[in-house]
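Report on the structure given below.
Every read-out reported here was derived from the displayed coordinates using simple, explicitly stated rules and does not represent laboratory data. What you see is a predicted model, and the numbers here were worked out from it, not measured in a lab. Don't worry about glycine lacking a Cβ; one is built from the backbone with ideal geometry, like all the others, and counts go over all protein chains shown.
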Amino acid sequence: MKCWYTYSRSGILSNKFSFSVNMEYPGKIINHKGVLFLFYVAEGNGGTDGGARLMTKVSVADAWSDPVGIEFGTFLHEAMSVFTFKDKLYVLCSGDAPSYDLVTPPRLAEYDELTGAFTVANFSTDYRRGASFVENNGRLYMFYKAPGTTALLWRSTGDMATWSTPRSVKIDGVRDLHPAVEPAVISYHGLIHLIVKSGTQPGWELMRFDGESAWACTRTFIGKDHPSSPGVAIHNGLLKVAFSDTRPNGSRGLDLYAYDGNSLSSPESSFELGAQFQVSMAVQDDYLYVVYRGRS
């Protein structure tokens, strides 16, 4: 499927720009030390590298680089997870699909800034259907589903080597959370903000976590029942949340919400962007970027 992006300093997203590549799964964008990194799986999932690709953008004024492959040593069956921790950039892919006879473990690639290459190794936590990571107060948190299960688990580490015992996320302090799609997670005002579609009611809910043991009560965050996972980023001091959505005239655009820690804005709705499925967001030089798959 075609890959597009839109960007804006004001947050009003009105123009779209196409990449010369097609994506098999949603791409993931992240800012690492001022540079935008876009990770995606090439359509067709071919090649000895399993289809993993990377493009970079040094500044707003610079063009995107040509795609390069990442040698994970396994084929990719879902979107990659990308995150930073202690000033290092990581990208993670899950193992082979559960139906395959030969199952490979998840593979973690660490970026070497001097060489521009990735060092790839097995990852200790097996998961399926996406994993979400966030750094908060010096620790890295992973939210994921174990193979064959639907409950959302979390664990954390301070050094990428020793991880805490997995614990389930409780939607009301008692019941396990079984999210319908991959949640979005981000650190804002010193707290972990987990945006989830629980499936127990329409819309998306917000859970806040101090990273230790205190969870704020789950509450309805966005009442609109967006079907796909959002992109999240901190832009102009606000937590921005973007969903792809269908307009009354049949066109597809983006709904962009802003949250200040207390109240949520009405969405800034864009038209004719062709956005479909999960989107990804990052900020560079005060510009908000949204990457998505879609139709022309």
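Assorted remarks:
- Between the stretch 235-296 and the stretch 27-42, the Cα center-to-center distance that results, in Å: 17 Å
- Once Rg and Dmax of the Cα atoms in Å is calculated for the structure shown, the corresponding label among (i) 19.7, 61; (ii) 21.8, 85; (iii) 18.1, 52 turns out to be (iii).
- Listed by chain and number, the lysines whose alpha-carbon sits under 18 Å from that of Lys197, ignoring those within fewer than 8 places in the same chain, are Lys145, Lys170, Lys224, Lys240.
- Distant-in-sequence amide H partners of Tyr188 (H built 1.01 Å from N, under 5 Å): His193
- For the chain, the relative contact order is 16 percent, taking Cα pairs closer than 8 Å that sit 6 or more residues apart in sequence and dividing their mean separation by the residue count.
- The stretch between Asp225 and Asp87, if pulled fully straight at 0.36 nm per residue, gains 46.1 nm over its current Cα-Cα span.
- Where trypsin sites (Lys or Arg not before Pro) in DSSP loops with at most 16 other Cβ within 10 Å are excluded, longest remaining stretch of the chain: 87-174
- Candidates Gly138, Leu13, Pro202 compared by Cα position along the dipole of the chain: farthest toward the positive end lies Pro202, with charges placed on Cβ.
- Lys, Arg +1 and Asp, Glu -1 on Cβ, resulting dipole of the chain about Cα centre, debye, nearest 20: 580 debye
- When each of the peptides 156-163, 20-27 is scored by the mean number of other C-beta atoms lying within 10 Å of its residues, the order from highest to lowest reads 20-27, 156-163.
- Cα lying deepest toward the dipole's positive end in the stretch 2-294, options Leu153, Ala214, Met23, charges on Cβ: Ala214
- Environment charge at Met160 (Cβ cut-off 9 Å; Lys +1, Arg +1, Asp -1, Glu -1): 0
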